[in-house]
């Protein structure tokens, strides 16, 4: 009878361990979940540069194997929904400044972003609105999230004294 109790106790412990593993919440961080989602869609993914959450979306800027910046848009309420907009090569820059757009009319999301390799550039404006700057090890990510499509946009990059280093008028 003692042997039956041991077998029963081991079976109960085993079931409790299995139940705990199934019921425990996912221990990965939000950044790890984002990295997994992007790498499942873009095999050139290397690492996250910056994550910006603007309900109901998360904008994930990342570095890829081509040493360019990519943009992925994740729907916060649906972990499976991810849109990879592509990437901007740093070698296609002018005066140490690269830019590109990530637009989804389906999701009504519009982002302009790029990389700055020129250390003199300290401010970026898109049609008079200040863009966000995220300094990194090798360069600085800049981005601007718009509520409207970019039918016309002017990008201006300036140094600390306000001198224009890069300026471009874009029309779509």
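In this simple spin-label model, placing a label point 7 Å from the Cα along the Cα-to-Cβ direction at both residue 39 and residue 12 gives a separation of 4.1 nm. The label point for residue 32 and the one for residue 146, both projected 7 Å from the Cα toward the Cβ, are 3.8 nm apart. The label-point distance for residue 133 and residue 47, in a model that sets each label 7 Å from Cα toward Cβ, rounds to 2.2 nm.
In the stretch 96-116, which residues have a backbone nitrogen under 17 Å from the label point lying 7 Å from residue 168's Cα in the Cα-to-Cβ direction? Under 17 Å, as judged by backbone N against the label point of residue 168, lie 96-103, 111-116 of the stretch 96-116.
FYI, it's all coordinate maths here, none of it is from the lab. Just so we're clear, the structure is a prediction, and the values are computed from it rather than from any experiment. FYI the Cβ positions are ideal-geometry reconstructions off the backbone, even for glycines, and counts take in every protein chain you see.
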